[in-house]
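Read through the structure below, which is laid out as structure tokens, and then see the notes.
Each reported figure results from applying straightforward, stated rules to the coordinates on display, with no laboratory input. Remember, predicted model here, so these are calculated numbers, not experimental data. Neighbour counts run over all protein chains shown; Cβ positions are idealised from the backbone, glycine included.
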Amino acid sequence: MSTDAKHSTETDADTRPTSALLVVLAWLIVGIPLAYGLWQTVVTAFQLLG
Amino acid sequence: MSFLDKNSTVARPGYSKWLIPPAALAVHLSIGQVYAFSVFKTSLVDHFDSSQTAIAWIFSIAIVMLGLSAAVLGTWVERVGPRKAMVAAALCWGSGFMIGSLGIAMESLPILYLGYGVIGGIGLGIGYISPVSTLIKWFPDRPGLATGMAIMGFGGGALIASPASNKLMSIFDSGFNADDKSAVANGTALSSTFLTLGIIYLVFMLIGAALVRVPPGHAEGEESVQHPGKNGALVRASQAIRTPQFAFLWVVLFCNVTAGIGILEQAAPMIQDFFRAGGDSSVSSAEAAGFVGILSLANMAGRFVWSSLSDVIGRKPTYMIYLGVGLVLYVLLATVGQQSTAIFVTLAVVIISYYGGGFATVPAYLKDLFGTLEVGAIHGRLLTAWAAAGVVGPLVVNGFLDAAGEPGSLVADDYHLGLFTMAGVLGVGFVANLLIKPVDEKHFDEEAVRSGSQDEAPAGEAAMSRGGN
């Protein structure tokens, strides 16, 4: 592979848009614990007040 | 370690900006644990055979270190970029827990102070400010929404940590039942829980550090694309703290936090005292604990909702609501709060949502006033208002209550003076907010302004009130 061709491949790879799967995964990593905390708080609060 | 350098964190074209909020949340959800520290309190008092105050100092040291480290290290965070700062925060926060675990195992309170309080507290300060300016740079047109998402995480961290810590303690100590308010976990369970949390938070925060990127054009030595404030301002931190705008905003944040903490710190006994007749309260301890949970949700939701709204209606009007409407709500709480629990809870929920909103909206306000040039460092210095309010708020409220009588015998009338004082504090903040005008051009960083900017920069007060870019 010539230097130019290699450079071109790298540039193409570098400008690739972020995978939607990665974005979803990142949000799940923070979203799942947050949802757990929210659920626990809501259940506790409304059990106690209910 | 070039992976940590600012130049290695510059986003390639096509990098999704929607990876930045979860990166920030990974850090803020972790450090938000500090608000759940009280779940360990009873067990720690029993383990160390110490006073409540001696254990309360652990939390206080952490919060003071948060304010100090944010103020002192803000410029460093701005210089080295978000990844190195997040890694430093992760190491401090994670190792703070681990050293704390060692302190518990060795039955040494000073080691726990050093670990969780001092080292962990530095992690809190660096972690709190590390993603803020990056988010503003990625979302220059919606800074309130962006920082609201992250700072909401700081409120949400306690919601996760509280049940998770109880679960861990019951795993490590089969005799510990979190539902029993008098139950205490043994030292081994406490130490193991601290160690486990330290490892989890370290990994979680490092994931955030791996994901975070600065927008293209923000490499070290590169002429960065900066987004100016509303009148074209690009101001360095060292200059910003000399402006009246910084002083007024410091007062605004101080007043908003002081008033909010006055209720938050006293929430559980307060609702019981408001509905006490003939010595007995109609609100049980369990219901009071439920009320605290509802306030936590309001605190978290307010951070996202009000901060996002500020992008639409403008920062100054938003703080006029926090402080002006908040003042009215405090007066209503004092005068009609005891009429029904529904009225009391509704008023308290809105007040606490304003408290959370005040934290989340302030980075965007700073961006409007000083531009993005060193907004993270300026934010760090402004957080000293939080540290000061954290001391003054509880002191004021507890001072009035101590003078009124013994805990467990107080009634709604005993809170009037404290609540009216807090309404007055909000009034001072309201006036300070009204006095905030666009920053004078003499404070601008000429070089940065000359380098140009992407934003259109409408001049004058009207533009600042309108909000959004």
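The table for this structure:
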| item | result |
| --- | --- |
| Vicinal HN-Hα couplings computed from phi for the stretch B:361-370 (Karplus, 6.51 cos²θ - 1.76 cosθ + 1.60; Hz; Gly/Pro x) | 8, 5, x, 5, 4, 4, 4, 4, 7, 10 |
| FRET efficiency, 1/(1 + (r/R0)^6) with R0 30 Å, evaluated for B:Leu395 and B:Ile343 via beta carbons | 0.60 |
| FRET efficiency, A:Ala20 to B:Ser409 (Cβ-Cβ, R0 56 Å, nearest 0.05) | 0.40 |
| Cα gyration tensor shape of the stretch B:1-80, rounded if a/c is under 1.5, else prolate or oblate by comparing a/b with b/c | prolate |
| Simple label model, 7 Å out from Cα along Cβ direction - B:Ala178 to B:Ser451, nm | 4.7 nm |
| Shape of chain B, Cα gyration tensor, a/c cut at 1.5 | oblate |
| Principal axes of the stretch B:237-466: Cα extent on each, largest first, Å | 70, 30, 24 |
| Amide H contacts of B:Val214 (H built 1.01 Å from N, under 5 Å, at least 5 apart or other chain) | B:Val10, B:Ala11 |
| Expected 222 nm ellipticity per residue - DSSP helices of 4 or more, -39500 (n - 2.57), all of chain B, to 500 | -22000 deg cm²/dmol |
| Length-normalised contact order for chain B - Cα pairs under 8 Å, 6+ apart - percent | 25 percent |
| Residues with amide H under 5 Å from that of B:Gly229, placed H, sequence gap 5 or more | B:Leu234, B:Gly371, B:Thr372 |
| Under the Karplus curve 6.51 cos²θ - 1.76 cosθ + 1.60, θ = phi - 60°, whole-Hz ³J(HN,Hα) for the stretch B:275-283, x wherever Gly or Pro sits | 10, 9, 9, x, x, 9, 9, 7, 9 |
| Integer Hz, Karplus 6.51/-1.76/1.60 couplings in order for the stretch B:429-445, x for Gly and Pro | x, 4, 5, 4, 5, 5, 7, 6, 10, x, 5, 5, 4, 5, 8, 5, 7 |
| Pairwise label distance in nanometres, B:Ala210 with A:Val43, each label 7 Å out on the Cα-Cβ vector | 3.0 nm |
| Where only alpha carbons of the stretch B:2-211 are counted, the Rg and the Dmax (Å) | 17.6, 58 |
| Over the stretch B:125-224, equivalent-ellipsoid semi-axes from the Cα gyration tensor in Å | 39, 15, 8 |
| Residues in the stretch B:103-118 reached by a label modelled at B:Thr188 [backbone nitrogen below 19 Å; 7 Å Cα→Cβ] | B:103-108 |
| Three-way shape label, the protein assembly as shown, alpha-carbon gyration tensor, a/c 1.5 | oblate |
